[in-house]
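Every number here is computed from the coordinates shown, using simple stated rules; none is lab data. Since we're looking at a predicted model, the values are computed, not measured. Counting neighbours? That spans all protein chains shown, and the Cβs are built from the backbone with ideal geometry, glycine included.
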Amino acid sequence: MVARVIPVEPFDLVIFGGTGDLARRKILPSLFRRMQAGQMPKEARVIGAARAKMSRKAYQTLIREALEEFIPEADRPEEDVAAFTGLLDFVTLDAMGDAGWEELSGKLRQEVVRAFYLSVGPSLFAPISKALSVRGLATNSSRIVVEKPLGHDLASAEELNAQLRTCFAEGQIYRIDHYLGKETVQNLMALRFANALFEPLWNAYHIDHVQITVAETIGVEGRGGYYDKSGAVRDMVQNHLMQLLCLTAMEPPSRFEPDAVRDEKLKVIRALDPVTPADTVRGQYRAQGDIGSYLDHVENPNSRTESFVAIRAEISNWRWAGTPFYLRTGKKLRARLSEIAIVFKDVPHSIFPEVEEKRGNALIIRLQPDEGITLRMTIKDPGPGGMRLTEVPLDMTFAEALGDQASNVPDAYERLIMDVIRGNQTLFMRGDEVEAAWAWTDQIIDAWEANGARPQPYDPGTSGPEDALALLHRDGRRWREIEI
Ligand code: NAD
């Protein structure tokens, strides 16, 4: 089966911070793969803009090296690399000053889609968007792309949104949460809304609870300065975990269109009950053997910033009242794993009383490390010897079902950048969604700050602090293992 690729319109994409880590590691390799897939028209142009003084040729070399670093050799034939770097241009520009803007303006074409990707620190979002507007580079149809962190709390997110909106209409602002670009996350919507099977069961009557886990094995090494001002709630829950929660819990939108989908997600966030500290567990990893502790990597030796959090959330609406959504995310955990587990209720009456341990059906939507969907079913253990039950997974791992096509699952950034060019905001966060999510996480953080407790220590390589296990035990439930 060969995937059908429809080329996008010709475009000028300006990447502010075009020499930075995100641009080299994600944005440009993603564009390269889209070019290989036949989706980028020959007239497309990508213009790096950054403070570095370098020629167009030097920039092309820098990006050639990035492709060599981030794309396997077998996947980058020289003619493709040459064709791609031929589309690149560069402008030396200071976001805070006057240098470079006129040159950039002179390079932009009138007749093509114009997009500005702000791959720079958030303190530059306002100055760049203002300069684009005041200096006449932004048109009514041009697009601006921004990445997390989209604020630090509700007040700063409101301020950032206000600044962006003085220069761009909401319909021009693309706020990236790369989790929304993941194939499995979009598949969650296909699974729910393109199959008649699940939706009748998708509610508090049939679902016992939902677990959303984003576990990392890395610590904060090298990022301690940034991370210590942020923590797991701001860095992961406010954006990625809440987006996953919204897509799991939202009502069916009337159409798969930007505002129809985003309206439904917003309703979920607004229906979330405030969370008390008793329904949260904060953790911070300690040292173990040669592995340094969280505190070894940050400046403040008394930092109370959490490297782990678990939250018991409830959604007060007809569909979900009484069904907990347990969220957890952390660093230095046992495995790198991201998944949503929808755990169904047990059968109302068992006709197999000798089977002691009952585990309901579960639908596992795995985002990392390998993307796929598994339905956990109970069947008879084969063979003679009476009726024994066993669990088997009905596996919808893409690699098996879709063959070659699945091995080419595009990176989230590939999908999202092409959606910017297409002008499709469905998989991007709207400003009011971001603000509502901050309002919910702010009350968690404010309550922690008010009670002044320290995060619980946990050992690297585990599932987090003991109390995180207790958070489910007290409800008679348990977390799925963090293992791959
Ligand atoms: P980086 O420090 O590697 O790159 C920053 C870029 O900004 C450089 O190209 C630099 O030249 C440019 N720059 C800095 N000051 C400038 C100025 N005054 N004028 C013009 N250009 C200037 O940072 P990064 O890791 O690429 O991250 C960029 C943004 O993306 C940050 O906001 C970060 O939080 C966010 N982000 C990064 C990642 C990632 O994986 N790196 C992931 C998600 C979000």
For THR139, the net charge from surrounding residues (Cβ-Cβ under 15 Å; K, R +1; D, E -1) works out to +2
In nm, give the distance between the simple-model label positions of ARG4 and GLN288, each being 7 Å from the Cα along the Cα-to-Cβ direction.
5.1 nm
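Using a cut-off of 10 Å between beta-carbons, work out the net charge of the residues near GLY423 (Lys and Arg +1, Asp and Glu -1, GLY423 not included).
Net charge around GLY423: 0.
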Given only helices, namely DSSP H runs of n ≥ 4 each adding -39500 (n - 2.57), what is the per-residue ellipticity at 222 nm of the chain, to the nearest 500 deg cm²/dmol?
-9000 deg cm²/dmol
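Could you tell me what fraction of 2.2 N^0.38 Å the Cα radius of gyration of segment 1-66 comes to, as a two-decimal ratio? Each step should come with its number before you reach the end.
Details: Rg = 13.0 Å, N = 66, 2.2 N^0.38 = 10.8 Å.
Compared with the compact-globule rule of thumb, segment 1-66 sits at 1.20.
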Between ASP370 and TYR226, what is the label-to-label distance in nm when each label sits 7 Å out along the Cα-to-Cβ direction?
3.0 nm
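Counting other beta carbons within 10 Å of each residue's own, what order do PHE344, PHE116, PHE193 fall into, fewest first? Kindly include the intermediate steps, with their values, before the conclusion.
On the way: PHE344 18, PHE116 27, PHE193 14.
Fewest-to-most Cβ neighbours within 10 Å comes out as PHE193, PHE344, PHE116.
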In whole Å, what are the extents of segment 273-335 along the principal axes defined by its C-alpha atoms, from largest to smallest?
50, 25, 14
Cross-link candidates for LYS26: which lysines have Cα within less than 23 Å, leaving aside residues fewer than 8 places away along the same chain?
LYS42, LYS53, LYS57, LYS148, LYS182, LYS331
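What list do you get for TYR174, TYR413 if you sort them by fewest beta carbons within 10 Å?
Working: TYR174 25, TYR413 21.
Neighbour counts put them in this order, fewest first: TYR413, TYR174.
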Residue among SER156, VAL8, VAL261 farthest towards the positive dipole end of the chain, charges placed on Cβ:
VAL8
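Quick one: net charge of PHE325's neighbours, Cβ under 9 Å, K/R +1, D/E -1?
Numbers: positive: ARG312; negative: GLU314.
Net charge in that neighbourhood comes out at 0.
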Report the Cα-based extents of segment 59-116 along its three principal axes, largest first, to the nearest Å.
42, 27, 15
First measure r as the distance between the Cβ atoms of ALA169 and LEU22, then evaluate 1/(1 + (r/R0)^6) with R0 = 35 Å and state the FRET efficiency to the nearest 0.05.
0.90
Taking Cα atoms, how many degrees apart are the long axis of helix 431-451 and the longest axis of the chain, rounded to 10 and kept between 0 and 90?
60 degrees
Return the loop-located trypsin sites (Lys or Arg not before Pro) in segment 109-163 (DSSP other than H, G, I, E, B) with at most 14 other Cβ atoms within 10 Å of their own Cβ; answer none if there are none.
ARG109, ARG135
By the Cα gyration tensor axes a ≥ b ≥ c (a/c under 1.5 gives rounded; else a/b larger than b/c gives prolate, otherwise oblate), the shape of segment 312-370 is oblate
Simple spin-label estimate for ALA453/ASP94, 7 Å along Cα→Cβ, in nm, reads 5.0 nm
The convex hull of the Cα atoms of the chain, divided by residue count, gives a volume in Å³ per residue of 176 Å³
If I stretch the segment between ALA74 and LYS107 completely, what's the gain in nm (0.36 nm per residue apart, minus their alpha carbon distance), one decimal?
8.5 nm
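So if the hydrodynamic radius of segment 1-120 is defined as the Kirkwood radius over C-alpha pairs, what does Stokes-Einstein give as its diffusion coefficient at 37 °C and 0.692 mPa s, in µm² per second? All intermediate terms of the calculation are to be shown ahead of the outcome.
On the way: Rh = 14.7 Å.
Taking Rh from Cα pairs, D becomes 223 µm²/s.
Can you classify segment 133-235 as rounded, prolate or oblate using the Cα gyration tensor, where a ≥ b ≥ c are the square roots of its eigenvalues, rounded means a/c under 1.5, and otherwise it's prolate if a/b beats b/c and oblate if not? List each step's numbers first, then the result.
Details: a/c = 2.45, a/b = 1.37, b/c = 1.78.
It comes out oblate by the Cα gyration axes.
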Give me the dipole magnitude in Debye, nearest 20, for the chain about the Cα centre, with unit charges on the beta carbon: positive for Lys and Arg, negative for Asp and Glu.
500 debye
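Based on the Cβ-Cβ distance from ASP273 to VAL347, what FRET efficiency comes out when R0 is 35 Å, to the nearest 0.05? Write down the numbers at each step before the final one.
Details: r = 29 Å, r/R0 = 0.83.
Efficiency, from the Cβ-Cβ distance: 0.75.
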First measure r as the distance between the Cβ atoms of LEU389 and ASP467, then evaluate 1/(1 + (r/R0)^6) with R0 = 22 Å and state the FRET efficiency to the nearest 0.05.
0.10
Under the rule a/c < 1.5 gives rounded, and otherwise a/b versus b/c splits prolate from oblate, where does segment 179-277 land using the Cα gyration tensor?
prolate
